[in-house]
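The structure appears right after this line, and notes come after that.
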Amino acid sequence: TGSLYLVPTPIGNLDDMTIRSINILKDVDLIAAEDTRNTQKLLNHFDITTKQISFHEHNTEQRAPELIEKLRAGTSIAQVSDAGMPSISDPGRELVQQCVENDIPVISVPGPNAGLTSLIASGLKPQPFLFYGFLKRKPKEQVDELEILAQAYPTLIFYEAPHRLKKTLINMQKVFGNRQATLARELTKKFEEYVRGGIDDLVDWSKENEIRGEFVILIAGNPNGFKIMKPDENKAQLSVEEQID
Ligand code: SAM
């Protein structure tokens with residue numbers, strides 16, 4: 001059998017493509033890409049001539065079994081999304097699951113990811129964290145989701161589209177109050193920027209600025225919230241934190 005390689009791609013800065021990722025994309029038989037035209041630009045930049053096949057959320061059901069057949073026949077495949085890590089708010093999970101079911105090796109290659117990159121620069125507690133990705137779009141459903149998340153102890157990480165950013169921040173302000181938060185914008189790009197403060201500051205920023213580019217929203221967890229640990233581990237966690245804070 002062939003192997004499935006999960007290859008992260010840059011989230012803005014092409015220099016973030018690792019040597020290993022380039023070599024894997026050169027060496028595999030086939031690249032399964034979310035958007036083959038978008039990925040072709042990356043391949044051209046690094047002189048990679050490997051053939052592509054499209055693999056996105058709308059053809060996963062039919063394409064995943066085809067890719068599994070190829071893998072079983074010995075084809076090596078790299079899966080890439082448009083930016084960052086495959087499967088993280090991007091296509092990939094079903095293919096990995098089917099590889100696992102079929103005993104096909106899955107090799108995850110480290111690289112760019114917007115959530116973790118912004119988390120470690122946010123100034124918020126890096127662990128525990130809860131990566132949520134995109135919230136629901138309908139306001140009522142979004143507020144319901146946020147109300148549940150408001151009970152959680154971990155630092156929260158969200159992705160949001162620019163045209164929905166202001167509304168989402170206002171909903172967060174309603175549900176979380178003025179918790180500590182960070183807005184990470186245009187990571188790895190020319191206009192990279194972090195807005196740190198309370199959620200009020202982030203809302204003000206979104207009202208005062210033209211909202212352009214890509215954003216990660218990070219929110220401090222609820223210190224009295226649900227810790228998703230056994231009670232005795234809760235205690236241990238608290239005393240460690242008391243020492244740090
Ligand atoms: N797979 C990607 C990853 O590993 O981070 C995420 C893909 S998801 C479809 C796209 C979202 O990720 C954007 O809407 C934004 O919230 C976030 N994102 C991606 N690139 C970013 C960047 N350069 N700066 C800030 N946020 C980014």
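Before moving on, here are some points about what is shown:
- Scan of the stretch 98-114 for residues that are more than 16 Å from the ligand (Cβ to nearest atom) and in contact with a helix residue (DSSP H, G or I) (Cβ under 9 Å, 6 or more places away or on another chain), ordered by number: Gln98, Cys99, Glu101, Asn102, Ile104, Pro105, Val106, Ile107
- Residue list for the stretch 18-74, restricted to those being among the small types (Gly, Ala, Ser), in contact with a strand residue (DSSP E or B) (Cβ under 8 Å, 6 or more places away or on another chain) and touching a residue at least 24 places away in the same chain (Cβ under 8 Å): Ser21, Ala32, Ala33
- Single match in Leu95, Leu130, Leu119 (criterion: modelled with pLDDT of 95 or more, within 12 Å of the ligand (Cβ to nearest atom) and of a type outside the set (D, E, K, R)): Leu119
- Members of the stretch 116-167 that are within 21 Å of Tyr194 (Cβ to Cβ) and assigned to a loop (DSSP other than H, G, I, E, B): Gly123, Leu124, Lys125, Pro126, Gln127, Leu135, Pro154, Ala161
- Gly197 surrounded by 20 or more Cβ atoms within 10 Å (Cβ to Cβ), more than 15 Å from the ligand (Cβ to nearest atom) and either at pLDDT below 95 or not in a helix (DSSP H, G or I) (or both): no
- Evaluation of Pro112 against (1) outside any loop (DSSP other than H, G, I, E, B); (2) in contact with an Asp or Glu (Cβ under 7 Å, 6 or more places away or on another chain) (one fails), failing number: (1)
- Which listed residue is aliphatic (A, V, I, L, M), surrounded by fewer than 17 Cβ atoms within 10 Å (Cβ to Cβ) and in contact (Cβ under 8 Å) with a residue 60 or more places away in the chain, from Leu130, Leu156: Leu130
- In the stretch 162-189, the residue that is nearest to the ligand (Cβ to nearest atom) out of those that are in contact (Cβ under 8 Å) with a residue 24 or more places away in the chain and among the small types (Gly, Ala, Ser) is Ala184.
The values are calculated or read from the model by the stated rules, or taken from the named source; none is laboratory data. The structure displayed is predicted, hence computed values, not measured ones. We place every Cβ from the backbone using ideal geometry, glycine too, and count neighbours over all the protein chains shown.
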